[in-house]
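So the structure is just underneath, and the comments pick up after that.
The values are calculated or read from the model by the stated rules, or taken from the named source; none is laboratory data. These numbers were taken from a predicted model, which means no experiment stands behind them. No Cβ is skipped: glycine too gets one built from the backbone with ideal geometry, and neighbour counts run over all protein chains shown. Note: areas computed on protein heavy atoms with side chains; ligands, DNA, RNA excluded. Shrake-Rupley method; radii C 1.70, N 1.55, O 1.52, S 1.80 Å.
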Amino acid sequence: MEDRVTVLSDVGKFEGVGYIHFTDDKDLATIVFDDLSDVTAHDLLADKPIRLIVSGSYYELYTALVQEYDNLNKSLSVYNIVNQEEQLNEDLKVEIEEQINIVYIKQGDIVSLDAITRDISAGGFCFATDKELDFDKKYEVVFNFFDEPLLVNFNIVRKIDRNIKNQKLYGCQFLDLSQHAEEEIRRKVFQIVAQKRRMRRQ
């Protein structure tokens, strides 16, 4: 069985996406990159540690070592695979404060409001605004802090009380994410995690 996989360096740098095929005991795997993945042999030297975010009907994080990269066929063999399930659960949400613009329809009119993100994960995000928002609406937001702007739909699933004057916090869930957007968000999350870990080690 093959699942989608996002390949990152051990410090969270995006390497590429494709499909992964595990051996039965999951100690070895072969990854075939998509044509759009710009991966070179220099990026994937033998014995280099990497991280694998595998998505099927679930998400799993693995660490592994590069065994061999076939540049002609864009095929990567990895070994010493370790499941990092606890780390994935811990890492999926990261704090991030960025200005965003949210758009929605109210009584037939297009409404636009400014907000600030508080955190983001592979499944949604939290933002702060001074506006009172409804739970039964579909919202749009453009994330301009990625490598390329991402337009995503979301709905509000909870309001978070923080007793901050004139500020309301909303927890949101992404809706109908494209595969590309989902991979870009996940990549950004893990890049932020890697940056924070490097700062803690310094």
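A few points about this structure:
- Residue in region 13-24 that is free of Cβ contacts under 8 Å to residues at least 12 places away in the same chain and more than 18 Å from the chain's Cα centre (by Cα) present: yes
- Condition check for L61 on (1) modelled with pLDDT under 85; (2) open to solvent by 30 Å² or more (accessible area, probe 1.4 Å): one failure, at (2).
- Qualifying position, being surrounded by 13 or more Cβ atoms within 10 Å (Cβ to Cβ), outside any strand (DSSP E or B) and at pLDDT 90 or above, among L76, L44: L44
- If the condition is being more than 16 Å from the chain's Cα centre (by Cα), over 20 Å from K106 (Cα atoms) and open to solvent by 80 Å² or more (accessible area, probe 1.4 Å), then region 122-163 contributes D161, R162, N163.
- Residue in region 164-181 that is charged (D, E, K, R), open to solvent by less than 90 Å² (accessible area, probe 1.4 Å) and under 21 Å from the mean Cα position of the chain (by Cα) present: no
- Residue match in region 85-103 (condition: over 23 Å from F145 (Cβ atoms), at pLDDT 90 or above and in a strand (DSSP E or B)): no
- When V11, V17 are screened for being touching a helix residue (DSSP H, G or I) at 6+ places or on another chain (Cβ under 9 Å), outside any strand (DSSP E or B) and open to solvent by 10 Å² or more (accessible area, probe 1.4 Å), only V11 passes.
- V5 vs. criteria on the phi < 0 side of the Ramachandran plot, outside any loop (DSSP other than H, G, I, E, B) and of a type in the set (A, V, I, L, M): yes
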